[in-house]
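Asks: Can you keep this structure in mind? I'll have questions shortly.
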Amino acid sequence: MGAEINRFTRVTGFERTDSHEWLVKTDKGDITCEYIVNAGGYRGHEVSDLAGKFLPIATMEHQYLVTESIPELENHPGLLPLVRDPDDSYYLRQEKQGLILGPYEWGATPHWADGKVPDNFAYELYPDDLDRLEWYIERACERMPILGTVGVQRVINGPIPYAPDGLPYIGPAFGLPNFFHCNSFSFGICQGGGAGKSMAEYIIDGKPEWDLWSVDPRRYTEYADQKYVVARATELYQREYAIAFPHDEWPAGRPALTTPVYERLKADGAQFGARGGWERATWFPQDGDTVEAEASFHREHWFERVGDECRHVRAKVGLLDLGGFSKYEVEGEGAADWLDSLIAGNLPKLNRLTLSYFCAPDGGVVCEMTITRLSDDHFLLITAAAAKWHDMQWLQERLPHENDISASTVNTIKLTDITRDWDTLVIAGPDARKVLQKLTNSKLDNASFPWLSYQPLQIGGTTVRALRVNYVGELGWELHVNTSSTLAVYDALMGAGAEFKIRNFGMYAMESMRLEKCYRAWKVELDSEYSPLRSGLDRFVNLDKPAFIGKDAIQTELDAGLPDVFVALLVDTEGAEAIYGCPIRVGDDIAGYVTSGGYGHCIKSSIALGYLRTDLAIRGTQVEVQILGKWRNAVVGQEPLFDPSNERPRSND
Ligand SMILES: Cc1cc2nc3c(=O)[nH]c(=O)nc-3n(C[C@H](O)[C@H](O)[C@H](O)COP(=O)(O)OP(=O)(O)OC[C@H]3O[C@@H](n4cnc5c(N)ncnc54)[C@H](O)[C@@H]3O)c2cc1C
């Protein structure tokens, strides 16, 4: 089709042209183009640097050895199957008449740990280093004695790029228009087909067929520096064949980001997990509790303790330090109309807030944000910690553009990321109002401060942005506090709450309570393959609005009938919960799948959220969910499973 491929041509820089194209500088001249795909492999970060953006990539040494020809294989018809031994951590496969053995060894070795790849390194290997593979070779020979009958013909020790989670970068680069990453593949040969397909869809259709958040380059934000990626990649390489348990909180590279309350929580015994780089308390052991992680697919050692936390929040009051909630402000003439054109529902009235769904043109949910209206044309947008760059880019790219002739609001709308200026403390539970009231002169009763509304509150010497909303479904407030005052406000809340037995709670308790309330989680229940209607969020979609991105597709989908919809299941299981991807069946038909599972400590039932064929998604339908290989009975429940009429968050007591 006329494409030209220039081999042995080094890219040396990028510039933006006046006509919004890219000028690619090379050692053989310049090339102008609309789109750039950085497929620079283990030099992907170097290429990204040329565009002024750091991309976290560490290069690991990976070796395999090739044996001499094995007589039994010479006469063997066909190929032996590929063998993977996850216990001893190696792969073994046939190569011609010999075998290849490739271990993922403990004592992984980052190469060029400072990120600087020598200029002239190309199509080269590292020197052999078989000593560190000795144990693995012996283990493999025990398992496959034929391996030990011949000598080693060749050793390959080469560079493999790793992102901090070992997954590639496939998708848009943050802050660079029409610039995509397609690099950092640790298994690039087998991943190449899907990566190529998705890259083409990004460029031609604007969006890939599948939700690709797990490989989206924007999943790592500014905290992921060189030190971080080397630490994480080393850990990951060593565990390449290890089992990923649902609640494994791997330690490398942590803590990357902490809130001012971190040390207080630590002193209270908190166990932590990282979310979007931020350390968040997961649970709080009590005297005599084991804290050593027992990675498992079954209920873990913290199960009962997390139950205590949930019951305490629902009966009294709890405090959660929710570090890193991403926050943006949108203000200026035209801000309301612009935001309205992006969201499926309605904007909130003054001092009110609402959940909002930002859809792609095909109707899939791209972002979920809480929008609070601070004045007519001034909004606070709050989204997940991990969504910081992803959501920011979605907004930035849709700001009225000078090329957009119909736009009268170019340069009047200001979009600012204020994440690092504000921390978030969540106070929730029946006594939350009593605790907060001790610290402020503002009235907090329903008439003065209704559910789903906003007010600035004076607490001590600081003004806190208080939102009467929370993710656990209780009377409560999200308090957004300027970082310089977070500790003081935390201490004040703990002090005022002492008489009400206030206590910290963690992410595991929050997760259990949000499952009871059936609150969707971004990139878990909500992803770009599902419209808000399929996600059961009809009340946040207004098809009577003249226009919003995705409206036509959602209308068409509705007219055609939804193939499947969100459901909440009560599962009859013991000792293990459903996890993402567990199939749901009715009779012999696979009719859906689970997106999240866990135990609802206050409804005393195992819960699975997921998607189910629409004709079956009716309260009372009996289904089965496969958990750890066993089919378990489950029933479609009435959403929300706890406090169905939302009386608790609306409480005036
Ligand atoms: C020992 C070993 C065993 C492996 N085994 C397997 C396996 O069994 N299965 C599997 O799937 N994967 C395996 N891999 C991984 C696989 O080889 C890589 O993931 C894959 O080659 C990556 O392909 P890529 O195109 O992304 O990067 P690369 O192959 O590294 O290509 C990047 C290209 O970008 C070019 N480039 C870089 N900078 C510039 C610049 N400034 N200007 C112009 N061009 C530039 C480079 O010259 C190069 O051609 C193995 C790797 C090793 C080392």
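Read-outs throughout are calculated quantities, based only on the coordinates presented, and are distinct from any laboratory measurement. Keep in mind that this is a model prediction, so the values were computed, not measured. Neighbour counts run over all protein chains shown; Cβ positions are idealised from the backbone, glycine included.
Asks: Quick one: Y611, Y580, fewest Cβ neighbours within 10 Å first, how do they rank?
Replies: The fewest-first ordering by Cβ neighbours comes to Y580, Y611.
Asks: Just flag the chymotrypsin sites (Phe, Trp or Tyr not before Pro) in region 217-268 sitting in loop per DSSP whose Cβ has no more than 16 other Cβ atoms within 10 Å.
Replies: Y241
Asks: Assign one of three labels to region 224-264, namely rounded, prolate or oblate, based on the Cα gyration tensor with a ≥ b ≥ c the square roots of its eigenvalues; rounded applies when a/c is under 1.5, prolate when it is not and a/b is larger than b/c, and oblate otherwise.
Replies: oblate
Asks: A further question follows. If we count other beta carbons within 10 Å of each Cβ, what is the order of H390, H247, fewest first?
Replies: Sorted ascending by nearby Cβ count, the order is H247, H390.
Asks: Still on this structure, please answer the following. Using a Förster distance of 41 angstrom, determine the FRET efficiency expected from the C-beta separation of V524 and E74, and round it to 0.05.
Replies: My answer for the efficiency is 0.20.
Asks: Turning to a different aspect of this structure: What is the local net charge at Y454, summed over the other residues whose Cβ is closer than 11 Å to its Cβ (Lys, Arg +1; Asp, Glu -1)?
Replies: Around Y454, the charge tally is +4.
Asks: How charged is the neighbourhood of E21? Take every other residue with its Cβ under 13 Å from the Cβ of E21, and add Lys/Arg as +1 and Asp/Glu as -1.
Replies: Summing Lys and Arg as +1 and Asp and Glu as -1 gives -3.
Asks: If you filter region 230-295 for GluC sites (Glu not before Pro), then keep DSSP loop positions with at most 12 other Cβ within 10 Å, what is left?
Replies: Filter output for region 230-295: E292, E294.
Asks: What FRET efficiency comes out for E142 versus D289 if R0 is 56 angstrom and r is the Cβ-Cβ distance? Round to the nearest 0.05.
Replies: 0.90
Asks: Okay, moving on. For a quick check: sort T370, T621 by the number of other beta carbons within 10 angstrom, fewest at the front.
Replies: T621, T370
Asks: Helix 303-315 versus the longest principal axis of the chain: what is the Cα-based angle in degrees, 0 to 90, to the nearest 10?
Replies: 20
Asks: Continuing with the same structure: Okay, helix-only estimate at 222 nm for the chain: each DSSP H run of n ≥ 4 adds -39500 (n - 2.57), divide by all residues, round to 500 deg cm²/dmol; what do you get?
Replies: Value at 222 nm, helices only, nearest 500: -6000 deg cm²/dmol.
Asks: What residues from region 147-161 fall in the zone where the backbone N is under 16 Å from a label point 7 Å along the Cα-to-C-beta line of L130?
Replies: 147-158, by backbone N distance to the label point.
Asks: Also: Beyond 43 Å, what share of the Cα-Cα pairs of the chain is found? Please give it as a whole percent.
Replies: Of the Cα pairs, 29 percent sit more than 43 Å apart.
Asks: How about region 360-456: which GluC sites (Glu not before Pro) there lie in a loop by DSSP and see at most 16 other Cβ atoms within 10 Å?
Replies: Sites meeting the loop and neighbour criteria: E402.
Asks: Say a paramagnetic label sat at a point 7 Å from the Cα of K443, along Cα to Cβ; which residues of region 477-497 have their backbone N under 16 Å from it?
Replies: No residue passes the distance filter.
Asks: Next up: For Y35 paired with Q458, estimate the spin-label separation in nm (one decimal), with each label point 7 Å from Cα along the Cα-to-Cβ line.
Replies: Reported label-point gap for Y35 and Q458 is 5.6 nm.
Asks: Quick one: if the Förster radius is 41 Å, what FRET efficiency do T26 and F297 give, using the C-beta to C-beta distance and rounding to 0.05?
Replies: 0.20
Asks: Any idea what angle helix 134-143 forms with the longest principal axis of the chain, computed on alpha-carbon atoms, 0 to 90 degrees, nearest 10?
Replies: The helix 134-143 is inclined about 80 degrees to the chain.
Asks: Moving to a separate point now. Across region 552-653, how large is the tail of the calculated P(r) beyond 25 Å, expressed as a percent of all Cα pairs?
Replies: Tail of P(r) above 25 Å: 26 percent of Cα pairs.
Asks: Can you pull the percent of Cα pairs in region 146-187 with separation above 12 Å?
Replies: Beyond 12 Å sits 71 percent of the P(r) for region 146-187.
Asks: Near I590, within a Cβ-to-Cβ distance under 13 Å, what is the net charge of the other residues, with Lys and Arg +1 and Asp and Glu -1?
Replies: -2
Asks: Right, here's the next one. With a point put 7 Å past each Cα toward its Cβ, work out how far R311 is from E209 in nm, to one decimal.
Replies: Here the modelled spin labels are 5.0 nm apart.
Asks: Within region 166-205, name every residue whose backbone N is under 20 Å away from a label modeled 7 Å from Cα of R7 along the Cβ vector.
Replies: From region 166-205, the list is 189.
Asks: OK, next. How big is the equivalent ellipsoid of region 59-162 along its three axes, where each semi-axis is √(5λ) from the Cα gyration tensor, reported in whole Å from largest to smallest?
Replies: 28, 15, 11
Asks: Working out 0.36 nm times the residue gap between K266 and R650, then minus their Cα-Cα distance, what length gain in nm do you get to one decimal?
Replies: That pair, K266 and R650, stretches by 135.0 nm at full extension.
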